[in-house]
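Only one structure is covered here, and it is reproduced in the block below.
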Amino acid sequence: MSDWIAIGALAAVGLLIPIGMMTVSALLRPSVPETGKSTTYESGETPTGGTKIRFNIQYYMVALLFVVFDIETVLLFPWVVIYRPAIEGGIPMMDLLWPMLAFVGILAIGLVWAWRTGAVKWTRSPRAASRKTERDPN
Amino acid sequence: MGTAPAQLFPEFIAETLGISGVPGQVVGALIAAAVIGNIVLAFTGVAGPWAKRKITAAFTDRIAVDRIGPFGLLIIPAAAVQLLAKELIVPEGVDRPTWDIAPILLPASALLGFAVIPMGHLGPVNLQLADPEVGLALVFAFASIASVSLVMAGYASNNKYSMLGGLRAVAQNLAYEIPLIVTAMSVVIFAGTLQMSGIVEAQQDVLFTIAGFDIPTWYALVNPFAFVLFLTANMAEIGRNPFDIPEAPTEIVGGYQTEYSSAYFVLFYLGEFVHIFLGGAILAVTFLGGASGPGPESIGFLWFVVKIWGFFLFTQWARAAFPRVRIDQLIEIGWKGMLVLSFANLVLTAVIVGVIV
């Protein structure tokens, strides 16, 4: 219990420090609004279009893969914790090892499948390839 | 774990103040948390405005800050005042309050990770706030809250560079989180516990003796392969070179922090440094024997400081020495290289532990 009180206390301190810095800064800093100052930065040009743009599908594929493997690590944690105590308790090694190998093996097959279908290969959209800044020599 | 657990920092304060029960726990926890928070802040204060410049200057054959104070050290308070007194420019169309919460969340999440880190003894005080049985899982959970903050900043800034930076940050953290945790699991197989003090204690045996000098069973020496894997994944997780593509100043300006100024920018900067030190602290606990080192236990904290500053130096060396990887290379290194190697390491470690125990 006291562990969680201490963690909660550090969470409170961790929030108070940035909020305190923001407050001190709000008291110190000047405010000089000028036209043009608050435009977003786009290499000095006037910003065009919105930012809620379509982006590479690859980010989504990677996120999907992550969910699978993240759950795998969660399920592996109990196994790694009991592994050594169980072996010291006299349980034969293979009895402990094969369920984990089967579990990781199934996911390894999944990774091979994702690899072969190109889920972890970065796709280049034809649009991005055709909009290179290099000019055609002709 | 045969010996009695060491008294934790909040209990020490409660006992010194003579307050018992729950009020003692709360008061002790708050004071201890403030001390730990300020120790970490002091590290970042020295690292950010001073050490980073000095180290980069040494690598690139220049002279850095040396005008104010001895070795230019007084640049630290000067920079703090200067940065906090900058005007805050709120760009058009930002998504508030998301835009304001992101810079609070990043340093808070990184600081929270230090709750379970055993920083060793300083005199009679054991500088560790909490020692729950799930310590190692908890510290990874806290550290990964940072990704949420980076996405918030990237999405809310109404800037295309920020958006790209935020997306890159998530893709990178997702790709390297799994190898990081799976490699840490190989340490858990050796130690048989997730408790941070237990992992440190399991590294105190003697591996072998050279010329009367005992080499301890630090996991970096027991399993150097896992150490290299963990170090690499850690660099990606904290977004340092060669894996600094979420910021990539030469490609996407500053990534998620492009539109931030004044205290908000300082908080991002600070949060990144706290994250570097948290990465160093996790590395020290899991692979470098925590706060152990030659000499009495009461100077353990100094060894801990040496180890995490060693890691900081390493990140700065990498910054000076390695070119940045591209986003497609990053994804392929992560999913095709690191992931496979980390699972191979896990299985191998399990077999080796099964044979030698």
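Looking only at the range A:6-27, count how many residues are surrounded by 16 or more Cβ atoms within 10 Å (Cβ to Cβ) and more than 19 Å from B:Leu106 (Cβ to Cβ).
Adding up the residues that qualify gives 3.
Does B:Leu164 fit the bill of being part of a loop (DSSP other than H, G, I, E, B), in contact with a Phe, Trp or Tyr (Cβ under 8 Å, 6 or more places away or on another chain), among the hydrophobic types (A, V, I, L, M, F, W, C) and touching a residue at least 60 places away in the same chain (Cβ under 8 Å)? Write out each step before concluding.
Working: part of a loop (DSSP other than H, G, I, E, B): no; in contact with a Phe, Trp or Tyr (Cβ under 8 Å, 6 or more places away or on another chain): yes; among the hydrophobic types (A, V, I, L, M, F, W, C): yes; touching a residue at least 60 places away in the same chain (Cβ under 8 Å): yes.
The answer is no for B:Leu164.
If only one of B:Pro49, B:Pro91 is surrounded by 14 or more Cβ atoms within 10 Å (Cβ to Cβ) and in a loop (DSSP other than H, G, I, E, B), which one is it?
Exactly one of B:Pro49, B:Pro91 is surrounded by 14 or more Cβ atoms within 10 Å (Cβ to Cβ) and in a loop (DSSP other than H, G, I, E, B), namely B:Pro91.
Just to be sure I understand, how many residues within the range A:13-23 are in contact with a helix residue (DSSP H, G or I) (Cβ under 8 Å, 6 or more places away or on another chain) and more than 7 Å from chain B (Cβ to nearest Cβ)? It would help to see each step written out before you state the result.
Of the range A:13-23, the ones in contact with a helix residue (DSSP H, G or I) (Cβ under 8 Å, 6 or more places away or on another chain) are A:13-15, A:17-19, A:21-22.
Okay, now just the ones that are also more than 7 Å from chain B (Cβ to nearest Cβ), so none.
Selection size over the range A:13-23: 0.
If you take the residues in the range B:79-88 that are buried (at least 17 other Cβ atoms within 10 Å of the Cβ) and among the aliphatic types (A, V, I, L, M), which one is nearest to the other protein chains (Cβ to nearest Cβ)?
Among those that are buried (at least 17 other Cβ atoms within 10 Å of the Cβ) and among the aliphatic types (A, V, I, L, M), it is B:Leu84.
When you look at B:Ser109, is it more than 9 Å from chain A (Cβ to nearest Cβ), under 13 Å from B:Gly271 (Cα atoms) and either among the small types (Gly, Ala, Ser) or surrounded by fewer than 18 Cβ atoms within 10 Å (Cβ to Cβ) (or both), yes or no? Quick ask: steps written out before the conclusion?
Details: more than 9 Å from chain A (Cβ to nearest Cβ): no; under 13 Å from B:Gly271 (Cα atoms): yes; either among the small types (Gly, Ala, Ser) or surrounded by fewer than 18 Cβ atoms within 10 Å (Cβ to Cβ) (or both): yes.
No: the conditions fail for B:Ser109.
Where residues in the range B:303-356 are outside any helix (DSSP H, G or I) and surrounded by 15 or more Cβ atoms within 10 Å (Cβ to Cβ), which of them is farthest from the other protein chains (Cβ to nearest Cβ)?
Taking the range B:303-356 first, the residues outside any helix (DSSP H, G or I) are B:322-326.
From the residues that got through so far, the ones that are surrounded by 15 or more Cβ atoms within 10 Å (Cβ to Cβ) too are B:324-325.
On the way: B:Arg324: 15, B:Val325: 12 Å.
Among those residues, the one meeting the criterion is B:Arg324.
Considering only the range B:33-46, I want to know if a residue exists there that is buried (at least 16 other Cβ atoms within 10 Å of the Cβ) and either in contact with a Cys (Cβ under 9 Å, 6 or more places away or on another chain) or at pLDDT below 85 (or both).
For the range B:33-46, residues buried (at least 16 other Cβ atoms within 10 Å of the Cβ) and either in contact with a Cys (Cβ under 9 Å, 6 or more places away or on another chain) or at pLDDT below 85 (or both): absent.
From the set of residues in the range A:1-52 that are part of a loop (DSSP other than H, G, I, E, B) and of a type in the set (D, E, K, R), which is farthest from the chain's Cα centre (by Cα)? Don't jump to the end; show me each part of the working.
Taking the range A:1-52 as the starting set, the residues that turn out to be part of a loop (DSSP other than H, G, I, E, B) are A:1, A:29-52.
Among the residues that remain, those that are also of a type in the set (D, E, K, R) are: A:29, A:34, A:37, A:42, A:45, A:52.
Values: A:Arg29: 34, A:Glu34: 37, A:Lys37: 33, A:Glu42: 26, A:Glu45: 31, A:Lys52: 20 Å.
Here the answer is A:Glu34.
Search the range B:183-197 for residues that are facing chain A (nearest Cβ under 8 Å) and farther than 17 Å from B:Asn345 by Cβ and pair each with any residue that is crowded, with 22+ Cβ neighbours inside 10 Å and aromatic (Phe, Trp, Tyr) when their beta-carbon atoms are under 9 Å apart and the residues are at least 6 apart or on different chains.
Sorted first by the residue in the range B:183-197, then by its partner, the pairs are B:Gly192/A:Tyr83.
Under the condition of being in contact (Cβ under 8 Å) with a residue 40 or more places away in the chain and among the small types (Gly, Ala, Ser), which residue from the range B:119-143 is nearest to the other protein chains (Cβ to nearest Cβ)? If you could, list the steps in order and put the result at the bottom.
The initial filter retains those residues of the range B:119-143 that are in contact (Cβ under 8 Å) with a residue 40 or more places away in the chain, namely B:119-137, B:139-140, B:143.
Next, only the ones that are among the small types (Gly, Ala, Ser) stay: B:120, B:123, B:130, B:135, B:137, B:143.
Values: B:Gly120: 17, B:Gly123: 20, B:Ala130: 4, B:Gly135: 9, B:Ala137: 6, B:Ala143: 13 Å.
This residue is B:Ala130.
Has the range A:53-74 got at least one residue that is in a loop (DSSP other than H, G, I, E, B), farther than 30 Å from B:Asn345 by Cα and among the β-branched types (Val, Ile, Thr)? Can you show your working first?
So in the range A:53-74, the residues in a loop (DSSP other than H, G, I, E, B) come out as A:53-57.
Right, trim to farther than 30 Å from B:Asn345 by Cα and you get A:53-57.
Now narrow it down to the ones that are among the β-branched types (Val, Ile, Thr): A:53, A:57.
So far as the range A:53-74 goes, yes, one or more of its residues are in a loop (DSSP other than H, G, I, E, B), farther than 30 Å from B:Asn345 by Cα and among the β-branched types (Val, Ile, Thr).
Kindly indicate whether A:Val81 is in contact (Cβ under 8 Å) with a residue 24 or more places away in the chain and in a helix (DSSP H, G or I). So that I can check it myself, show each step before the final result.
Numbers: in contact (Cβ under 8 Å) with a residue 24 or more places away in the chain: no; in a helix (DSSP H, G or I): yes.
It is false that A:Val81 is in contact (Cβ under 8 Å) with a residue 24 or more places away in the chain and in a helix (DSSP H, G or I).
Do we find a residue being in contact (Cβ under 8 Å) with a residue 60 or more places away in the chain and buried (at least 16 other Cβ atoms within 10 Å of the Cβ) anywhere in the range B:58-78?
As a first pass, look at the range B:58-78 and keep what is in contact (Cβ under 8 Å) with a residue 60 or more places away in the chain: B:59-60.
Right, trim to buried (at least 16 other Cβ atoms within 10 Å of the Cβ) and you get none.
No, the range B:58-78 contains no residue that is in contact (Cβ under 8 Å) with a residue 60 or more places away in the chain and buried (at least 16 other Cβ atoms within 10 Å of the Cβ).
Tally the residues that are under 13 Å from B:Gly154 (Cα atoms), crowded, with 24+ Cβ neighbours inside 10 Å and among the β-branched types (Val, Ile, Thr), restricting the search to the range B:224-268.
Counting residues in the range B:224-268 that are under 13 Å from B:Gly154 (Cα atoms), crowded, with 24+ Cβ neighbours inside 10 Å and among the β-branched types (Val, Ile, Thr) gives 1.
Can you tell me which residue in the range B:103-129 is farthest from B:Thr44 (Cα to Cα), limited to those that are modelled with pLDDT under 85 and small (Gly, Ala, Ser)?
That would be B:Gly123.
Among the residues of the range B:280-292, is there at least one that is under 18 Å from B:Ala320 (Cβ atoms), surrounded by fewer than 22 Cβ atoms within 10 Å (Cβ to Cβ) and either away from every other protein chain (no Cβ under 14 Å) or at pLDDT below 85 (or both)?
no
Which one of these is at the interface with another protein chain (Cβ under 10 Å from one of its Cβ atoms), surrounded by 14 or more Cβ atoms within 10 Å (Cβ to Cβ) and among the aromatic types (Phe, Trp, Tyr): B:Phe12, B:Phe114? It would help to see each step written out before you state the result.
Numbers: B:Phe12 fails: at the interface with another protein chain (Cβ under 10 Å from one of its Cβ atoms).
Of the residues listed, the single one that is at the interface with another protein chain (Cβ under 10 Å from one of its Cβ atoms), surrounded by 14 or more Cβ atoms within 10 Å (Cβ to Cβ) and among the aromatic types (Phe, Trp, Tyr) is B:Phe114.
Could you check the range A:67-98 and list, in sequence order, the residues that are under 16 Å from B:Val187 (Cα atoms), within 9 Å of another protein chain (Cβ to nearest Cβ) and loosely packed, with under 15 Cβ neighbours inside 10 Å?
Within the range A:67-98, A:Val74, A:Ile82, A:Pro85 meet the criteria.
Can you say whether B:Val27 is surrounded by 16 or more Cβ atoms within 10 Å (Cβ to Cβ), more than 8 Å from every other protein chain (Cβ to nearest Cβ) and either among the hydroxyl-bearing types (Ser, Thr, Tyr) or more than 26 Å from the chain's Cα centre (by Cα) (or both), as far as the supplied structure shows? I'd like the intermediate steps shown before the answer.
Working: surrounded by 16 or more Cβ atoms within 10 Å (Cβ to Cβ): yes; more than 8 Å from every other protein chain (Cβ to nearest Cβ): yes; either among the hydroxyl-bearing types (Ser, Thr, Tyr) or more than 26 Å from the chain's Cα centre (by Cα) (or both): yes.
Criteria met by B:Val27.
When you look at B:Val274, is it within 13 Å of another protein chain (Cβ to nearest Cβ) and more than 23 Å from B:Val125 (Cα to Cα), yes or no?
Working: within 13 Å of another protein chain (Cβ to nearest Cβ): yes; more than 23 Å from B:Val125 (Cα to Cα): no.
Answer is no for this residue.
The values are calculated or read from the model by the stated rules, or taken from the named source; none is laboratory data. Predicted, not measured: the structure shown is a model, and the values here were computed from it. Please note: Cβ atoms are built from the backbone with ideal geometry, for glycine as well, and neighbour counts cover all protein chains shown.
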